[in-house]
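So the structure is just underneath, and the comments pick up after that.
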Amino acid sequence: MKTMVVWRTQPGKYKTAVETFLKTGGPAGEGLKTVGRWHTPGSTLGWHLLEGDPASVARHVAEWADLLELDTYPVIEDAEAGAAAAKVFGKK
(Lines give C-alpha, C1' and ligand atoms only; values in the text may rest on other atoms or scores of the structure.)
Protein backbone atom coordinates (compact mmCIF):
# COMPACT_ATOMS: atom_id res chain seq x y z
CA MET A 1 0.00 0.00 0.00
CA LYS A 2 1.23 3.49 -0.83
CA THR A 3 0.70 6.37 1.56
CA MET A 4 1.39 10.05 0.95
CA VAL A 5 2.53 11.77 4.12
CA VAL A 6 2.13 15.54 3.92
CA TRP A 7 4.22 17.31 6.53
CA ARG A 8 4.68 20.83 7.76
CA THR A 9 7.15 21.85 10.44
CA GLN A 10 5.43 22.79 13.69
CA PRO A 11 5.82 26.47 14.64
CA GLY A 12 9.07 27.02 16.49
CA LYS A 13 10.44 23.57 15.57
CA TYR A 14 12.01 24.27 12.15
CA LYS A 15 15.64 24.27 13.25
CA THR A 16 15.23 21.14 15.37
CA ALA A 17 13.39 19.36 12.55
CA VAL A 18 16.10 20.22 10.01
CA GLU A 19 18.88 19.18 12.40
CA THR A 20 17.11 15.87 13.06
CA PHE A 21 16.62 15.26 9.33
CA LEU A 22 20.26 16.07 8.55
CA LYS A 23 21.47 13.81 11.36
CA THR A 24 19.24 10.82 10.58
CA GLY A 25 18.35 11.24 6.90
CA GLY A 26 14.69 10.72 7.81
CA PRO A 27 14.64 6.97 7.12
CA ALA A 28 11.27 5.41 6.40
CA GLY A 29 11.79 2.75 9.02
CA GLU A 30 11.18 -0.96 9.24
CA GLY A 31 8.45 -2.27 6.96
CA LEU A 32 8.48 0.82 4.73
CA LYS A 33 10.13 1.92 1.50
CA THR A 34 10.52 5.55 0.49
CA VAL A 35 9.16 5.93 -3.05
CA GLY A 36 9.99 9.64 -3.10
CA ARG A 37 10.27 12.70 -0.90
CA TRP A 38 9.83 16.33 -1.93
CA HIS A 39 10.46 19.61 -0.13
CA THR A 40 9.06 23.02 -1.05
CA PRO A 41 12.04 25.41 -1.23
CA GLY A 42 11.69 28.34 1.13
CA SER A 43 8.82 26.67 2.96
CA THR A 44 8.20 24.28 5.83
CA LEU A 45 6.01 22.02 3.65
CA GLY A 46 6.87 18.67 2.12
CA TRP A 47 5.65 15.26 0.98
CA HIS A 48 6.92 11.74 1.64
CA LEU A 49 5.53 8.89 -0.46
CA LEU A 50 5.87 5.61 1.40
CA GLU A 51 5.12 2.02 0.45
CA GLY A 52 4.32 -0.51 3.16
CA ASP A 53 1.78 -1.55 5.72
CA PRO A 54 -0.38 1.02 7.57
CA ALA A 55 0.98 0.04 11.00
CA SER A 56 4.50 0.90 9.86
CA VAL A 57 3.24 4.25 8.51
CA ALA A 58 1.64 4.96 11.88
CA ARG A 59 4.93 4.21 13.64
CA HIS A 60 6.89 6.43 11.25
CA VAL A 61 4.46 9.31 11.72
CA ALA A 62 4.62 8.93 15.51
CA GLU A 63 8.44 9.20 15.37
CA TRP A 64 8.16 12.68 13.82
CA ALA A 65 4.98 13.94 15.51
CA ASP A 66 6.82 16.11 18.06
CA LEU A 67 8.41 18.15 15.24
CA LEU A 68 6.00 18.00 12.32
CA GLU A 69 2.29 18.36 11.65
CA LEU A 70 1.49 15.27 9.59
CA ASP A 71 -1.43 14.18 7.41
CA THR A 72 -1.50 10.76 5.79
CA TYR A 73 -3.42 9.74 2.69
CA PRO A 74 -3.63 6.26 1.15
CA VAL A 75 -3.00 6.71 -2.57
CA ILE A 76 -3.42 4.59 -5.69
CA GLU A 77 -2.09 5.01 -9.22
CA ASP A 78 -4.07 5.91 -12.34
CA ALA A 79 -4.60 2.30 -13.48
CA GLU A 80 -6.12 1.28 -10.14
CA ALA A 81 -8.27 4.41 -9.94
CA GLY A 82 -9.44 3.94 -13.53
CA ALA A 83 -10.36 0.29 -12.93
CA ALA A 84 -12.37 1.22 -9.84
CA ALA A 85 -14.16 4.05 -11.67
CA ALA A 86 -14.90 1.76 -14.62
CA LYS A 87 -16.66 -0.70 -12.32
CA VAL A 88 -18.81 2.08 -10.87
CA PHE A 89 -19.68 3.68 -14.20
CA GLY A 90 -19.95 0.49 -16.24
CA LYS A 91 -17.01 1.14 -18.58
CA LYS A 92 -14.64 -1.65 -19.63
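So what's the back-of-envelope 222 nm ellipticity for the chain, counting only DSSP H runs of four-plus at -39500 (n - 2.57) apiece and dividing by all residues, rounded to 500?
Theoretical 222 nm ellipticity from helices: -11500 deg cm²/dmol.
Pairs of Cα atoms under 8 Å, at least six residues apart: use those to get the relative contact order of the chain, whole percent.
Reported relative contact order: 43 percent.
Compute, for the chain, the length of the dipole vector about the Cα centre, with Cβ point charges of +1 (Lys, Arg) and -1 (Asp, Glu) only. Units Debye, rounded to 20. Don't skip to the answer; put the middle values down first.
On the way: 11 positive and 11 negative charges, 42 e Å.
Dipole about the Cα centre, nearest 20: 200 debye.
Roughly speaking, to the nearest percent, how much of the chain's 1.4 Å accessible area is carbon and sulfur? Intermediate values should be presented prior to the final figure.
Numbers: 3730 of 6280 Å².
C and S fraction of accessible area: 59 percent.
Can you sort Arg59, Arg37 by solvent-accessible area, 1.4 Å probe, largest first? Please report the intermediate quantities before stating the final value.
Working: Arg59 105, Arg37 75 Å².
Greatest to least solvent exposure: Arg59, Arg37.
With the chain treated as a Gaussian network of Cα nodes joined by springs under 10 Å, which of Trp64, Trp38, Trp47 yields the largest mean-square fluctuation?
Looking only at Trp64, Trp38, Trp47, the biggest GNM fluctuation is shown by Trp38.
Describe numerically, in nm with one decimal, the distance between label points set 7 Å from Cα along Cα→Cβ at Lys13 and at Ala62.
Simple spin-label model gives 1.6 nm for this pair.
For the chain, give the share of DSSP beta bridges that are antiparallel, in percent and rounded to the nearest 5; count only bridges with both residues there.
Roughly 100 percent of the beta bridges in the chain run antiparallel, per DSSP.
Considering only protein heavy atoms, with the full assembly of protein chains and a 1.4 angstrom probe, order Asp66, Asp78 by accessible area, largest first. Intermediate results must be reported in sequence, preceding the final value.
Values: Asp66 90, Asp78 135 Å².
From most accessible down to least: Asp78, Asp66.
Report the one residue of Ala84, Val61, Pro11 whose Cα lies farthest in the direction of the positive end of the charge dipole of the chain (charges on C-beta: Lys and Arg +1, Asp and Glu -1; origin at the Cα centre).
Comparing the listed Cα positions along the dipole, Ala84 ranks first.
Cα to Cα, under 20 Å, and not fewer than 8 places away if on the same chain: which aspartates and glutamates meet these conditions relative to Lys13?
Cross-link targets: Glu63, Asp66, Glu69, Asp71.
The values are calculated or read from the model by the stated rules, or taken from the named source; none is laboratory data. None of these values were measured; they are calculated from a predicted model. FYI the Cβ positions are ideal-geometry reconstructions off the backbone, even for glycines, and counts take in every protein chain you see. With ligands, DNA and RNA removed, areas are computed over all heavy atoms of the protein, side chains included. Shrake-Rupley method; radii C 1.70, N 1.55, O 1.52, S 1.80 Å.
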